[in-house]
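The values are calculated or read from the model by the stated rules, or taken from the named source; none is laboratory data. What you see is a predicted model, and the numbers here were worked out from it, not measured in a lab. A quick note on method: Cβ atoms are made from the backbone with ideal geometry, for glycine too, and the neighbour counts reach across all protein chains shown.
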Amino acid sequence: MNVTEADELVYYCRFIDGQNRWTVIPGSWLDVTDLQVETQERVKYGDSVSLRCKSSCSLPQQTTFIWSRNTQRFADRKGNQLYLRSVNRSDAGNYRCGVTGHQHLISPAVYLNVEYPPQSVSVSISPSGVIVEEDSVTLKCISDSNPPALNFSWFKENETSAVGSGQSFSISSFNSSFSGRFYCEAQNKYGSGRSASVSLTVNGVQRDALLTVSGIVAGCGGLIFIIVIIIVFIKRMKRREGGTEDENQKRAADASDDTYTALDPASRTSADVYSTITSVQSRSPDDTYTTLDLQSRSSEYETLAVTSADPH
C-alpha cells in the first residue's frame with residue numbers, strides 16, 4: 001500500500017466474537033515520513049556547499065544514501081550528507097536522495113543555484129560581411145553569467161575611455177574614422193568579464209556606388225557575352241564560305257584534268273585510240289563517195305554560175 005502524509009493517524013485493533021466487540025486500547029500511531037534534501041538556496045562560484053538527506057524517522061547509522069543530479073546517479077554516501085568543494089556552474093542542477101534497498105523512495109528535487117560572474121564573453125556584428133561607407137553597424141555583447149549581466153561597456157583599443165554602454169552598441173553611419181578594434185565588458189554583482197577584440201574596417205565605397213558599379217560590371221559582362229557569340233558566328237560563317245570556295249576550286253581542277261586528258265593522246269589508253277580508229281574505219285564507201293560527189297557538184301555549179309554571169 002502506498003501511504004502518504006494523509007495516512008498519519010492512530011490505528012486500533014478490534015476483535016469481534018458473536019455480538020461482542022473488543023477494541024484494543026491504546027492504539028498505534030502511524031508515522032508517514034519521506035526523504036527531503038536540505039541545502040542553501042544560493043551558493044557563490046568557488047564556495048563549498050553541503051547537502052543533507054533528511055528523514056523524519058530514524059535510520060541505521062550504516063544506511064547508504066544514493067545521490068543524483070538531474071536524474072543521473074553520481075554518488076553513494078554512508079552518511080546522509082553530500083559535500084561539494086569549490087562549486088562551479090556545472091554543479092548547478094536538481095538534486096535528489098534515496099536509501100539503498102528502498103530505491104522507490106526518492107526525495108523531491110531541490111535545485112542548487114550556483115551564481116558566478118560573466119564568462120565566455122563575446123561580440124557579434126550585424127550585419128556580418130563587408131562594411132562599406134554609410135552602413136549602419138551594430139555590435140552586441142553576449143555573456144554567460146548568473147545572475148545575468150546588467151552593465152555593459154564598450155571600448156576601442158588604444159583609447160582610455162569607454163566609447164559606449166549597453167548590451168548593444170550601434171554606429172548609424174559608418175566611415176573610416178570609426179575603423180579599429182572594439183571589445184566589450186559585461187558585469188554583474190560577482191565580477192566582470194571581457195570579450196576578445198573584433199575589427200571594424202571600411203572595405204569599399206558607398207553602398208549605392210557599390211551597387212551601381214556592380215550593375216555596370218554585370219552589364220559589361222552581358223555585352224562581352226554577346227560580342228563573343230557574334231565572333232563565334234562570324235568565324236563559323238567564314239569557315240562555311242571557305243569550305244564552299246575550296247569545293248568550287250576542287251571541282252574546277254577536276255574539270256581541267258578531264259579536258260587535258262581528252263586532249264593529250266599520251267594520257268589516253270590504247271583502248272581509247274582503237275575506239276577512235278574503228279569509228280573512222282567503220283564509215284562505208286558510199287558515205288565517202290557522197291561526200292566527194294557533193295564537193296564535185298558544188299564546184300561544177302559554181303563554174304556554171306560564173307559562165308552564165310559573163311555578158312560576153
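Values computed for the structure shown
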read-out: Selection from the stretch 67-80 of residues that are at pLDDT 90 or above and not in a loop (DSSP other than H, G, I, E, B); value: 67, 68, 69
read-out: Selection status of residue 52, assigned to a strand (DSSP E or B), under 13 Å from residue 112 (Cα atoms) and of a type in the set (Lys, Arg); value: yes
read-out: Some residue of the stretch 132-147 being of a type in the set (Ser, Thr, Tyr), in contact with a strand residue (DSSP E or B) (Cβ under 7 Å, 6 or more places away or on another chain) and under 30 Å from residue 50 (Cα atoms); value: yes
read-out: Which listed residue is loosely packed, with under 14 Cβ neighbours inside 10 Å and within 30 Å of residue 202 (Cβ to Cβ), from 108, 127; value: 127
read-out: Number of the condition not met by residue 108 [criteria: (1) farther than 17 Å from residue 51 by Cβ; (2) part of a loop (DSSP other than H, G, I, E, B)]; value: (1)
read-out: Residue match in the stretch 112-120 (condition: touching a Gly at 6+ places or on another chain (Cβ under 9 Å), in the same structural domain as residue 148 (by TED's automatic domain parsing) and either loosely packed, with under 12 Cβ neighbours inside 10 Å or at pLDDT below 90 (or both)); value: yes
read-out: Identity of the residue in the stretch 122-150, part of a strand (DSSP E or B) and among the hydroxyl-bearing types (Ser, Thr, Tyr), that ends up farthest from residue 183 (Cα to Cα); value: 145
read-out: Residues of the stretch 81-97 classified as crowded, with 17+ Cβ neighbours inside 10 Å and in a loop (DSSP other than H, G, I, E, B), total; value: 2
read-out: Which numbered condition residue 117 fails, given (1) over 19 Å from residue 43 (Cα atoms); (2) touching a residue at least 40 places away in the same chain (Cβ under 8 Å); value: (1)
read-out: Contacts under 8 angstrom Cβ, first residue in the stretch 49-62 being touching a residue at least 24 places away in the same chain (Cβ under 8 Å) and surrounded by fewer than 10 Cβ atoms within 10 Å (Cβ to Cβ), partner of a type outside the set (A, V, I, L, M, F, W, C) and part of a loop (DSSP other than H, G, I, E, B), 6 or more apart; value: 57/31; 57/33
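Each row is one residue, and each column tells you yes or no for (1) surrounded by fewer than 16 Cβ atoms within 10 Å (Cβ to Cβ); (2) at pLDDT below 85.
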{"site": "139", "(1), (2)": "no, no"}
{"site": "158", "(1), (2)": "yes, no"}
{"site": "161", "(1), (2)": "yes, no"}
{"site": "206", "(1), (2)": "yes, yes"}
